[in-house]
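Peer 1: I have a structure I would like to understand better, so I am pasting it below and will then ask my questions one at a time.
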Amino acid sequence: MNGTCCSGGGKFIMGMAAGMVAGAAIGMTMAPSHRQIKRAAHQAAKRVNEAVESLTEAMDL
């Protein structure tokens, strides 16, 4: 060791920790809002309902 603050493994750990912090910060800013999630769920339920209706019409039920 030459007296530096971090060895090779320490640099890796510090870099990995910094990447995790940066990723978490970006993930929190990019996360969809509650309203967007609700809207997507509503649209998905609507599409499923339409698919079931078209299937029952195709089967003549």
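The values are calculated or read from the model by the stated rules, or taken from the named source; none is laboratory data. Given the structure is predicted, the values throughout are model-derived calculations rather than measurements. All Cβ positions, glycine included, derive from the backbone under ideal geometry; neighbour counts span all protein chains shown. Calculation scope for accessible area: heavy atoms of the full protein, side chains included, ligands and nucleic acids excluded. Shrake-Rupley method; radii C 1.70, N 1.55, O 1.52, S 1.80 Å.
Peer 1: Could you give every pair whose Cβ atoms fall below 8 Å, whose first residue belongs to the stretch 36-61 and is outside any helix (DSSP H, G or I), and whose second residue is open to solvent by 90 Å² or more (accessible area, probe 1.4 Å) and modelled with pLDDT of 90 or more, counting only separations of at least 6 or pairs across chains?
Peer 2: No pair meets every condition.
Peer 1: Testing residue 61 on (1) surrounded by 10 or more Cβ atoms within 10 Å (Cβ to Cβ); (2) at pLDDT below 85, one condition comes back false. Which one is that?
Peer 2: Of the numbered conditions (1) surrounded by 10 or more Cβ atoms within 10 Å (Cβ to Cβ); (2) at pLDDT below 85, the odd one out for residue 61 is (1).
Peer 1: Any residue in the stretch 35-42 that is modelled with pLDDT under 85 and exposed (fewer than 10 other Cβ atoms within 10 Å of the Cβ)?
Peer 2: no
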